[in-house]
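Down below is the structure, laid out as structure tokens.
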Amino acid sequence: RSRRGGTGNTGGTGGTRNGMDAPSAAGLGGADPQLQRFIEVETQKQRFQQLVHQMTELCWEKCMDKPGPKLDSRAETCFVNCVERFIDTSQFILNRLEQTQKSKSAFSESLSD
Amino acid sequence: MESGFGSDFGSDFGSGSGGGGKLDPGLIMEQVKVQIAVANAQELLQRMTDKCFRKCIGKPGGALDNSEQKCIAMCMDRYMDSWNTVSRAYNSRLQRERANM
């Protein structure tokens, strides 16, 4: 199944994005393809890192009671579930937004790529 | 470069470009990577401090007592464990998404 609002838009390492979707890299790297590629890669890596920071913070609130001597298996499962549900939430929001915008023809222009 | 790392790496990599005014993209990329790593470490530290302060410090006293310090130490380790768990889980999810496309 392919979803337009896939993890690429939630800040992942960009399986859904190619060079043509990242015009900023071309502007920053200038004529040097090596630098351009470097910027693309590092930008994707940073998106990943930022989301890990964000999800760790959110899931800590949901999954951690009192910090113990180790991360018990229940807390670990909670963190894994939390990540999955966060991504699901993000995709859900994007998909539903896309649907509701399509039904309002006045707004559909502004959201299409 | 405001980071101390900038000047340390400058002397190691600068000789590679032969001195002079030419900008070596390899040097720039290495310095950028270092800056990014520093920024990520700072971000991690900031969030860890926030979370562990909330978990471990009740009514702030005149100093950090032993139980508070022990709590903070454990909290730091658990936060790192959590961060790694989240990182692995997110990575797995991304790979699964890519495989489904």
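With all distinct Cα pairs included, what does the Kirkwood hydrodynamic radius of the stretch A:33-111 come out to in Å, to one decimal, could you say? It would help to have the intermediate numbers written out before the result.
Numbers: mean 1/r = 0.0636 Å⁻¹.
For the stretch A:33-111, the Kirkwood estimate is 15.7 Å.
Which value, in debye to the nearest 20, describes the size of the charge dipole of the stretch B:25-98 about its Cα centre when Lys and Arg Cβ atoms bear +1, Asp and Glu Cβ atoms bear -1, and nothing else is charged?
340
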Seminar exercise, completed: Rounded to whole Å², per residue accessible area for the stretch B:25-98 with a 1.4 Å probe reads 57
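Considering every Cα-Cα pair within the stretch B:25-98, what fraction, in whole percent, is farther apart than 14 Å?
Across the stretch B:25-98, Cα pairs with separations above 14 Å total 72 percent.
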Seminar exercise, completed: Heavy-atom accessible area of A:CYS78, protein chains in place, probe 1.4 angstrom, given in Å² to nearest 10, is 40
Problem set entry | B versus A: buried accessible surface, summed, Å² (probe 1.4 Å, to nearest 100) | 3800
Problem set entry | At least 40 Å² of accessible area lost relative to the chain alone, listed for the stretch B:63-79 with a 1.4 Å probe | B:MET74, B:ARG78, B:TYR79
Problem set entry | Virtual spin-label span in nm between B:ALA41 and A:THR89, 7 Å along Cα→Cβ | 3.2
For this session: Name the residues of the stretch A:54-100, by number, that are at least 50 Å² less accessible with every protein chain in place than in the isolated chain; the surface is that of heavy atoms, probe 1.4 Å, without ligands or nucleic acids.
Result: A:THR56, A:GLU57, A:TRP60, A:PRO67, A:LEU71, A:VAL83, A:GLU84
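The values are calculated or read from the model by the stated rules, or taken from the named source; none is laboratory data. Keep in mind the model is a prediction, meaning the values are calculated, not measured. Glycine also receives a Cβ, built like all others from the backbone with ideal geometry; neighbour counts cover every protein chain displayed. When the accessible area is computed, the model is the full protein with side chains, heavy atoms only, and any ligands, DNA or RNA have been set aside. Shrake-Rupley method; radii C 1.70, N 1.55, O 1.52, S 1.80 Å.
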